[in-house]
Amino acid sequence: MNKMNQLQDEINQVIRGKEEVVRKVLAAILAEGHILMEDIPGVGKTTLATAFAQTLSMDYKRVQFTPDVLPSDILGFSMYHDKNQEFVFHKGSVFTNLFLADEINRTSPKTQSALLEVMEERHATVDGVTYELPDPFVVIATENPYGSSGTQMLPESQLDRFMIRISMGYPSHQDAVNILKSNHLHPISHVKPVMDLENIRELRKKVNDMYVHDSIYEYIVTIVEETRNNVYFSMGASPRGSIALLRMAKAMAVIDGRDFVQAEDVQGVAGDVLGHRVALSARARGERLDEKDAILLLLKDIKPPRNK
């Protein structure tokens, strides 16, 4: 069994019945992206992040976002020390490999903007001084569905920084039974490291170097362009969405052990990559479609290239 399969099996022992979610989160990490998880509390979002941190040997920090969390809480701050007669920088929570921003849509726009910088630039600026973040650096943010008590919508500029938005959903009946049976065993404490940080860097390089046929580039651009012209969308995806879709497709190919990207890789992640980058039209809302439903309908009208 290769390390990729071993890692997924290790996490699937803890997160029951969510194999596809685990695959996509792993793909986003290998594609150097950040993950937004939208779900109700209690379905295992924090457990999933912890399991990934342990299996990938990542330093891990978690912040529960509330209205009183300040930018300095996550970035850090400079404090004057009388003994040395100088300012000393105290690092914030983002100086880690995997940063879990729990319930991100409960905090203030100012704090969200501070997180936006580190997600995009992978460095933190405090008092005019820039500090590089560890490599790798991944944000897994969770948000409660909009309309829940105390929540506010994330701005489009911040949503666009997340490579994928996924939902875990409720477990199936049998998975729920298995969760109850194993609850007393505290399985998260038994999750073993499978890879180290150097393994992650090597896999990320493999994603970067992945061969992509011109027909796949054309296919991705056609999909993104169609979101700007389709009757189900009032706002389409940006070129950043095209880049994210390509990187996720390449990462899925690496996970499957291939050295080329095929149309199925693109189709399998299109809803997760583009869903939070588009706005539904009145027609889509009238037909009770969500973003992923509309993207699936869009894909049916675009002829995929043959594997080459």
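Which peptide among 109-119, 25-35 comes first, and what is the full order, when sorted by highest mean count of other Cβ atoms within 10 Å?
Details: 109-119: 18.8, 25-35: 23.8.
Listed from highest to lowest mean packing, they are 25-35, 109-119.
Mind putting a number on the dipole of the chain about its Cα centre? Charges go on the C-beta only, +1 for Lys and Arg and -1 for Asp and Glu, and I need it in Debye to the nearest 20.
On the way: 35 positive and 42 negative charges, 116 e Å.
Roughly 560 debye for the chain.
Non-local lysine pairs in the range 3-182, meaning eight or more places apart or on different chains, with alpha-carbon distances under 24 Å, amount to 14.
For M252, M163, M235, the sequence from fewest to most other C-beta atoms within 10 Å is M235, M252, M163. Taking the number of Cβ atoms within 10 Å of each Cβ as an exposure proxy, the fewest-first ranking of D272, D160 is D160, D272. What would the Debye equation give as log₁₀ I(q)/I(0) for the range 3-182 at q = 0.10, 0.11 Å⁻¹, counting only Cα atoms as equal point scatterers? The computed values of log10 I(q)/I(0) come out as -0.42, -0.50.
Counting pairs of alpha carbon atoms under 8 Å apart in space and at least six apart in sequence, what relative contact order in percent does the range 3-182 give?
On the way: 287 pairs, mean separation 55.9, N = 180.
Relative CO of the range 3-182 lands at 31 percent.
Simple point charges give the picture: +1 on the Cβ of Lys and Arg, -1 on the Cβ of Asp and Glu, and for the range 1-129 a dipole about the Cα centre of about 300 debye.
Between T66 and K300, the contour length at 0.36 nm per residue exceeds the Cα-Cα span by 80.1 nm. Loop-located trypsin sites (Lys or Arg not before Pro) in the range 238-270 (DSSP state not H, G, I, E or B) with no more than 16 neighbouring Cβ atoms inside 10 Å: R258. Specify the angular offset, from 0 to 90 degrees and rounded to the nearest 10, of the alpha carbon long axis of helix 197-208 from the longest principal axis of the alpha carbons in the chain. Helix 197-208 and the main axis of the chain meet at about 30 degrees. Between E198 and D127, the contour length at 0.36 nm per residue exceeds the alpha carbon distance by 22.3 nm. Working from label points 7 Å from Cα in the Cα-to-Cβ sense, the H90 to R283 distance is 5.7 nm.
Treating r as the C-beta distance of D259 and D82 and R0 as 51 Å, the FRET efficiency rounds to 0.30.
So what's the chain giving for Cα Rg divided by 2.2 N^0.38 Å, two decimals? Each step should come with its number before you reach the end.
Working: Rg = 20.1 Å, N = 308, 2.2 N^0.38 = 19.4 Å.
That ratio works out to 1.04.
Extending 7 Å from the Cα toward the beta-carbon at both I243 and V231 defines two label points whose distance is 3.4 nm.
Against the chain, whose longest principal axis is taken from its Cα atoms, helix 45-55 shows a tilt of about 80°.
We did not get these values from a lab; they are worked out from the coordinates using the rules stated. Owing to the predicted nature of the structure, the values given are computational and were not obtained by experimental measurement. Don't worry about glycine lacking a Cβ; one is built from the backbone with ideal geometry, like all the others, and counts go over all protein chains shown.
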